[in-house]
Amino acid sequence: AERFLPDPFNGGTMYRSGDLVSWQADGTLRYLGRADQQIKLRGFRIELGEIEARLGECPGVRDAAVIVREDAPGDKRLVAYFTGEIPAIGELHERLQGVLPDYMLPSAYVRLEALPLTANGKLDRRALPQPGSEAVVSRAFEAPQGEVETALAAIWAEVLKVEQVGRHDHFFELGGHSLLAVSLVERMRKAGLAADVRVLFAQPTLAALAAAVGSGREVKVPANRVPHDATRITPEMLSLIDLDQASIDRIVASVPGGAANVQEIYPLAPLQEGILYHHLSAEQGDPYLLQSRLAFDSLERLLNWAAALQQVIDRHDILRTSVVWEGLAEPVQVVWRQADLALSKVTGLGEASVIEQLLARFDARQQRLDLTRAPLLRLVYAEDPRQGEWVALLQFHHLTLDHAAMAVVGEEMQVLLDGRGATLPAAVPYRNYLAQVCLGDDQASHEAFFRAQLGDVEEPTLPFGLADVQGDGGRVEHAALRLPDALAQGLRELARQRGVSVASLVHLAWARVVGVLAGRRDVVFGTVLMGRLQAGEGADRALGMFINTLPLRVDTALPVEQAVRVTHQRLSALLGHEHAPLALAQRCSGVAASAPLFSALLNYRHSAEAARDGEGIWQGVRLLGGEERSNYPLTLSVDDLGEGFSLSVLAAEGLPAAQVGTWMVNTLGQLLQALERAPGQGLDHLPMLDDEALRQVVEGFNATTVNYPQGHTVHALVEAQAPEALAVVQGEVSLSHGELNQRANR
């Protein structure tokens, strides 16, 4: 009712946008500003009045005003003006860091004797002077001040492996990234320094993080009230979920041993709900049943390895967890007190390609695990007499393990196989994370955030026009490649110079590739978040499914310099909502509920520890590889190996997975070059084709058109010659079908 009003001119309804305009004699509208002082800067909607209010609360400030200045086309910045007495602008900036996100912080502060006023006594914003160099916030080295900053500096130095940290030093400029942030938050927690992790990404200086200590959102995790000797589970025993007695009895009946074997019952995490949905909707097989292939030098070695895995299962609640949904209002996960690994010997196989025969017999595209039986792991093995070894297939379900958790499993097994099991720390319960999600989650905040980010997105982003995001993960093309060392080093150095993460640069390049393949400049794709930044105590070493997939929006029409900042800021803001359900985010967009918001995915992973060769991880054991699957038609996984990067592309059958990987590498190179030489260049002008491919599209395809009769369209021509090139032609040349056809026919 407030925004949609009757249209007195044309009938129907009109929308009150908040823009101030004057209607000119020639029928055009002249923009005068905003009625409510709301502006859009670097992709964020900002209320200038909110910044002014926070500035006015600072000691010594009497009057305050904030405006947006555009010193060069596309280069906008916030400038604050104030009256009163303060020691230095650095102090003002520091105080605002504790109460405002980074994108709302002014870059310059100007002190005036009085704010300029119009004839009727209102603020004259046009009369506010240009800020001088002394008004600009700079980051010179300054030693940490006070106990909190000093303690934080020591933690930063240890985590980032640097000798000295100043109070204005920047986390990402010192080489920080999201995985190190998890370690940092955990070490802060152990030192009694709890803070909202969003501050680290939104305002990544030591002083800002120190100022926010004590403002964390972590909830107190209630104790598990199920007694060890329970003969019946009752509603009051469950601290993380409300269930009636009939539902509890139905759940307990699904567990061997009954109530005596039930440790706890609680709901599913957001991404677990999505995984279960895909499991239930798959006609056969399971897109989230993953597997690793291994070879052992003896049967004894294999059995010892399986025994170590059983010890890890005994340690961690999530590995003793099943899922129950039938007859319940919502699915739940049930922690068993005892769950034994399914270990099966397979006989009757031929001597040739034993591991391939195992893969065929236990193909996840055809078979599935029973999710109601814990643990959600299975080890099948057979003798390979030709190789003189035993080969095995370890199948595990994504419901209980993510990429980071698998790395922890491998580390713990190594310790156990070495006979050092007594040195392992106490296992971190998965319930700690569920408590943060169930009790500390703010659905209203999530909804407000995603409505602001996605509310005006009315069309999905669909590379190659593919909209099926509920596939079974089968029938995919896979391609793997590695970034050239020089490009990898260049990206790392550039990220440090710009004060952003390398992940931000990768997301930006992927947005360009996806935008070309989808024919869109306003691009939305899914990004996989670690989910551990706000997962509670011990999240850095906990097992379980923590990751979540959420949409990231990138405007590829922006200049590359600005696009880098905006992408980094949006990724940072997204981290504050890492536990929000994807379904909620999609509902906040303007895309019809029947269509997906996006059909391309990016999974940026820090895999330095997992990058070691299969040889030598465990003595006498070789890793023969694994299998990645995705229900999205186009998925890019980027493994950050500490120095280099590897890329893995999964594409629906018939799509050029290897070509997509090559396009991504080319785009990263073009992005690096543009940021070094032409930062004002538009992102959508970066070619993602290498020189040879560009010549083929521009010269080769054009040369072929002379053999086609008048009237044949370029669309049909390219589709016939190279279907995957069609979207590239449109995106690279930025011409409509009609314009392309006219040129070809000429």
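From the list 458, 493, the one residue that fits, being loosely packed, with under 15 Cβ neighbours inside 10 Å and within 20 Å of residue 180 (Cβ to Cβ), is 493.
Of the residues making up segment 349-368, just one is among the acidic types (Asp, Glu) and touching a residue at least 60 places away in the same chain (Cβ under 8 Å), namely 363.
Within the option set 365, 337, 378, 361, being basic (Lys, Arg), modelled with pLDDT of 85 or more and touching a Gly at 6+ places or on another chain (Cβ under 9 Å) holds for one residue only, 337. Just one of the numbered conditions (1) surrounded by fewer than 22 Cβ atoms within 10 Å (Cβ to Cβ); (2) assigned to a helix (DSSP H, G or I) is not true of residue 318: (1). Scanning segment 431-453 for residues that are of a type outside the set (Gly, Ala, Ser), assigned to a helix (DSSP H, G or I) and within 20 Å of the chain's Cα centre (by Cα) gives 433, 434, 436, 437, 443, 446, 447, 449, 450, 451, 453. Those helices (runs of 4 or more DSSP H) of segment 144-231 in which 3 or more residues are within 25 Å of residue 497 (Cα to Cα), at pLDDT 75 or above and out of contact with any Leu (no Cβ under 8 Å at 6 or more places or on another chain) occupy 146-160, 206-211.
Quick test of your reading of the structure: residue 356 fulfils all but one of (1) part of a helix (DSSP H, G or I); (2) of a type in the set (D, E, K, R); (3) within 26 Å of residue 544 (Cβ to Cβ). Name the failing condition by number. Every listed condition holds for residue 356 apart from (3). The set of residues from segment 236-253 being more than 35 Å from the chain's Cα centre (by Cα), within 20 Å of residue 323 (Cβ to Cβ) and surrounded by fewer than 17 Cβ atoms within 10 Å (Cβ to Cβ) comprises 244, 246, 249, 250, 253.
Looking only at residues of segment 31-59 that are basic (Lys, Arg) and surrounded by 14 or more Cβ atoms within 10 Å (Cβ to Cβ), we find that the one that is modelled with the highest pLDDT is 54. Scanning segment 631-647 for residues that are surrounded by 20 or more Cβ atoms within 10 Å (Cβ to Cβ) and free of Cβ contacts under 8 Å to residues at least 40 places away in the same chain yields a total of 3.
Taking the conditions exactly as written (in a helix (DSSP H, G or I), at pLDDT 75 or above, buried (at least 21 other Cβ atoms within 10 Å of the Cβ) and outside the structural domain of residue 160 (by TED's automatic domain parsing)), does residue 650 satisfy them or not? In short, no. Within segment 454-467, the only residue that satisfies the criterion of being touching a Phe, Trp or Tyr at 6+ places or on another chain (Cβ under 9 Å) and part of a helix (DSSP H, G or I) is 463.
Confirm whether residue 454 is modelled with pLDDT of 90 or more and under 30 Å from residue 238 (Cα atoms). So residue 454 fails the test.
Of the residues contained in segment 577-592, none is found to be over 30 Å from residue 443 (Cβ atoms), touching a helix residue (DSSP H, G or I) at 6+ places or on another chain (Cβ under 6 Å) and at pLDDT below 90. Out of the residues in segment 660-705 that are part of a helix (DSSP H, G or I) and among the small types (Gly, Ala, Ser), which is farthest from residue 633 (Cα to Cα)? Here the answer is 703.
Considered as a group, the residues in segment 1-30 that are touching a residue at least 12 places away in the same chain (Cβ under 8 Å) and surrounded by 10 or more Cβ atoms within 10 Å (Cβ to Cβ) include one that is farthest from the chain's Cα centre (by Cα), and that residue is 20. When residue 228 is tested against (1) closer than 17 Å to residue 371 by Cα; (2) surrounded by fewer than 18 Cβ atoms within 10 Å (Cβ to Cβ), exactly one condition is not met: (1).
Being more than 27 Å from residue 256 (Cβ to Cβ) and outside any strand (DSSP E or B) holds for only one residue in 348, 327, and it is 348. Looking at this structure, is residue 391 part of a helix (DSSP H, G or I) and either modelled with pLDDT under 90 or more than 24 Å from residue 637 (Cβ to Cβ) (or both)? Spelling it out, it is not the case that residue 391 is part of a helix (DSSP H, G or I) and either modelled with pLDDT under 90 or more than 24 Å from residue 637 (Cβ to Cβ) (or both). Within segment 369-391, the residues that satisfy the criterion of being closer than 21 Å to residue 254 by Cα and either without any contact (Cβ under 8 Å) to a residue 24 or more places away in the chain or surrounded by 17 or more Cβ atoms within 10 Å (Cβ to Cβ) (or both) are 369, 370, 371, 374, 375, 376, 377, 378.
When segment 290-315 is filtered for residues that are in contact with a Lys or Arg (Cβ under 9 Å, 6 or more places away or on another chain), surrounded by 19 or more Cβ atoms within 10 Å (Cβ to Cβ) and closer than 19 Å to residue 340 by Cβ, only 313 remains.
Considering (1) out of contact with any Phe, Trp or Tyr (no Cβ under 9 Å at 6 or more places or on another chain); (2) assigned to a loop (DSSP other than H, G, I, E, B), the lone condition that residue 68 does not fulfil carries the number (2).
Selection of first residues in segment 476-487 that are at negative phi and of second residues that are modelled with pLDDT of 90 or more and among the polar types (S, T, N, Q), restricted to Cβ pairs under 6 Å at least 6 apart or on distinct chains, gives the following pairs, ordered by first then second residue: 480/648; 482/646. Filter segment 102-143 down to the residues that are aliphatic (A, V, I, L, M), within 37 Å of the chain's Cα centre (by Cα) and at pLDDT 80 or above and list them by number. Those that are aliphatic (A, V, I, L, M), within 37 Å of the chain's Cα centre (by Cα) and at pLDDT 80 or above: 104, 105, 108, 143.
The values are calculated or read from the model by the stated rules, or taken from the named source; none is laboratory data. Model, not experiment: these values are computed from the prediction. Glycine gets a Cβ as well: all are built from the backbone with ideal geometry, and neighbour counts include every protein chain shown.
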